[in-house]
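Contents: one structure, followed by commentary.
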Amino acid sequence: MSRRTPRLFAAALAVGALLLGACAEQTSTDTPAAGSGSAAATFPVTVGKLTLEKRPEKIVSLSPTATEMLFAIGAGKQVTAVDDQSNYPAEAPKSDLSGYQPNAEAIAGKSPDLVVLANDTNKIIDQLTTLKIPVLLTPAAATLDDTYQQITDLGKLTGHPAEADAVTTKMKNDIAALTKDLPKRAAKLTYYHELGPELYSVTSKTFIGSIYALAGLENIADPADADGKHGGYPQLSQEVIVKANPDFVFLADTKCCKQTPDTVKARSGWAGVNAVKHNQIVALDDDIASRWGPRVVDLVKAIVDATAKVPA
């Protein structure tokens, strides 16, 4: 198994955290307290059960997606440390902190006045709460609405509500513009989304799958997890993929695993697959294809641009 696989399972666990998040005290999807939705950046501010008395100036982000959100809403200067996977934007203050195996002492050593997490690995929330460090849980999104809500909540907590509103509004408008004039097809185009060369994929019930649905595509991986036992991330076989004969192959393993259209074309038995025959293998940016922040618009554009080339 490649080093991509642990990231896959971490993503699956994060999706589970989303489902359980409603039970956690510090979660971005809880209903904000009355009056906290004001466009004015006034404090104290409450999101769910988390209240900040003043604007945080030493934010630690242990989620690459949250890091992108924080910088997009203008809170970048308040971020003093990010995890070792937060590589965008380039100016993010990357550290050796881990979001997969968070260490409370190491986090506390940064003297944060807000920590943003994507999951509660090792019950890190309880550990940080004991240390009197405010924590916001921003689990893996299941829908675009989850993304918008997390951006909104981060805007409130960082003192940038207007900027956050502008980001979500632009995302909604951009996605609507990209998808409003899709061609009418007698039959949906099919696709296979590759997470790694071990042939793990995503189903339509995942966040990434829902993005493809916006473009009107049909997912060949859905039957492999019809009972949901794989959490939306089934491992397919070459035989299943070849038999399904997808019109498109989207590669989300170009950076981690050096997969390219040429490496796919060279796979034994794949020559007859429509995506291979018609040169419809699309190399994605791994990070954009695995995060649920503002750059999801770029993913929508990549999908729409690729499929638009196919005559209706």
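The values are calculated or read from the model by the stated rules, or taken from the named source; none is laboratory data. This is a predicted model, so every value here is computed, not measured. Neighbour counts are summed over all protein chains in view; Cβ atoms, including those assigned to glycine, are modelled from backbone coordinates with ideal geometry.
Condition (residue is over 18 Å from ASN245 (Cα atoms), under 16 Å from the mean Cα position of the chain (by Cα) and of a type outside the set (Phe, Trp, Tyr)) applied to the range 176-191: is it met by at least one residue?
Looking through the range 176-191, none of the residues is over 18 Å from ASN245 (Cα atoms), under 16 Å from the mean Cα position of the chain (by Cα) and of a type outside the set (Phe, Trp, Tyr).
Surrounded by 14 or more Cβ atoms within 10 Å (Cβ to Cβ), in contact with a helix residue (DSSP H, G or I) (Cβ under 7 Å, 6 or more places away or on another chain), within 23 Å of GLY231 (Cβ to Cβ) and assigned by TED's automatic domain parsing to the domain that holds ASP285, is that true of TYR191?
It is true that TYR191 is surrounded by 14 or more Cβ atoms within 10 Å (Cβ to Cβ), in contact with a helix residue (DSSP H, G or I) (Cβ under 7 Å, 6 or more places away or on another chain), within 23 Å of GLY231 (Cβ to Cβ) and assigned by TED's automatic domain parsing to the domain that holds ASP285.
Restricting to helices (runs of 4 or more DSSP H) lying wholly in the range 135-221: which have 1 or more residues that are over 30 Å from LYS49 (Cα atoms) and among the aromatic types (Phe, Trp, Tyr)? It would help to see each step written out before you state the result.
Details: elements: 144-158, 161-179, 207-214.
Passing ranges, in order: 207-214.
Look through the range 167-181, keep the residues that are without any contact (Cβ under 8 Å) to a residue 12 or more places away in the chain and hydrophobic (A, V, I, L, M, F, W, C), and return whichever of them is nearest to ASP305 (Cα to Cα).
ALA177
VAL79 is checked against (1) surrounded by fewer than 17 Cβ atoms within 10 Å (Cβ to Cβ); (2) at pLDDT 95 or above; (3) touching a helix residue (DSSP H, G or I) at 6+ places or on another chain (Cβ under 9 Å) and fails just one. What number does that condition carry?
(1)
Are there any pairs, at least 6 apart or on different chains, whose C-beta atoms fall under 6 Å, with the first in the range 112-141 and surrounded by fewer than 22 Cβ atoms within 10 Å (Cβ to Cβ) and the second among the basic types (Lys, Arg) and part of a loop (DSSP other than H, G, I, E, B), and if so, which?
Pairs found: ASP113/LYS58.
Residue-by-condition table, conditions (1) of a type in the set (A, V, I, L, M, F, W, C); (2) out of contact with any Ser or Thr (no Cβ under 7 Å at 6 or more places or on another chain); (3) within 23 Å of ALA141 (Cα to Cα):
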site: GLN78; (1), (2), (3): no, no, no
site: ASP83; (1), (2), (3): no, no, yes
site: SER98; (1), (2), (3): no, yes, yes
site: VAL116; (1), (2), (3): yes, no, yes
site: ASN119; (1), (2), (3): no, yes, yes
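Just one of (1) modelled with pLDDT of 95 or more; (2) touching a helix residue (DSSP H, G or I) at 6+ places or on another chain (Cβ under 9 Å); (3) not small (Gly, Ala, Ser); (4) not in a helix (DSSP H, G or I) trips up LYS132, so point out which.
Answer for LYS132: the failing condition is (2).
Report, ordered by the first and then the second residue, all pairs with beta carbons closer than 6 Å, sequence separation of six or more or different chains, a first member in the range 142-156 that is assigned by TED's automatic domain parsing to the domain that holds ALA118, and a second member that is modelled with pLDDT of 95 or more and not in a helix (DSSP H, G or I).
Every condition considered, the pairs that remain are THR147/ALA141; THR147/TRP292; GLN150/THR138; ASP153/VAL47; GLY155/ILE73; LYS156/VAL45; LYS156/VAL47.
Take the range 221-232 and flag every residue that is buried (at least 16 other Cβ atoms within 10 Å of the Cβ) and under 21 Å from the mean Cα position of the chain (by Cα).
If the condition is that a residue be buried (at least 16 other Cβ atoms within 10 Å of the Cβ) and under 21 Å from the mean Cα position of the chain (by Cα), then ALA221, ASP222, ASP225, HIS230, GLY231, GLY232 are the ones that fit.
When the residues of the range 241-262 are narrowed to those that are in contact (Cβ under 8 Å) with a residue 40 or more places away in the chain and assigned to a helix (DSSP H, G or I), which ends up nearest to the chain's Cα centre (by Cα)?
Selected residue: ILE241.
From LEU217, LEU199, LEU251, grab the single residue that is touching a strand residue (DSSP E or B) at 6+ places or on another chain (Cβ under 9 Å), at pLDDT 95 or above and surrounded by fewer than 20 Cβ atoms within 10 Å (Cβ to Cβ).
LEU199
Would the range 278-295 turn up any residue that is outside any loop (DSSP other than H, G, I, E, B), in contact (Cβ under 8 Å) with a residue 12 or more places away in the chain and of a type in the set (Phe, Trp, Tyr)? Steps first, answer last, please.
Taking the range 278-295 first, the residues outside any loop (DSSP other than H, G, I, E, B) are 281-283.
So of that shortlist, the ones also in contact (Cβ under 8 Å) with a residue 12 or more places away in the chain come out as 281-283.
When the remaining residues are screened for being of a type in the set (Phe, Trp, Tyr), the result is none.
No, the range 278-295 has no match at all.
Kindly indicate whether any position in the range 146-159 is surrounded by 18 or more Cβ atoms within 10 Å (Cβ to Cβ), closer than 30 Å to PRO311 by Cβ and modelled with pLDDT of 95 or more. So that I can check it myself, show each step before the final result.
Our first condition is that a residue be surrounded by 18 or more Cβ atoms within 10 Å (Cβ to Cβ); within the range 146-159, this holds for 146-159.
Keeping just the survivors that are closer than 30 Å to PRO311 by Cβ gives none.
Checking the range 146-159: not a single residue is surrounded by 18 or more Cβ atoms within 10 Å (Cβ to Cβ), closer than 30 Å to PRO311 by Cβ and modelled with pLDDT of 95 or more.
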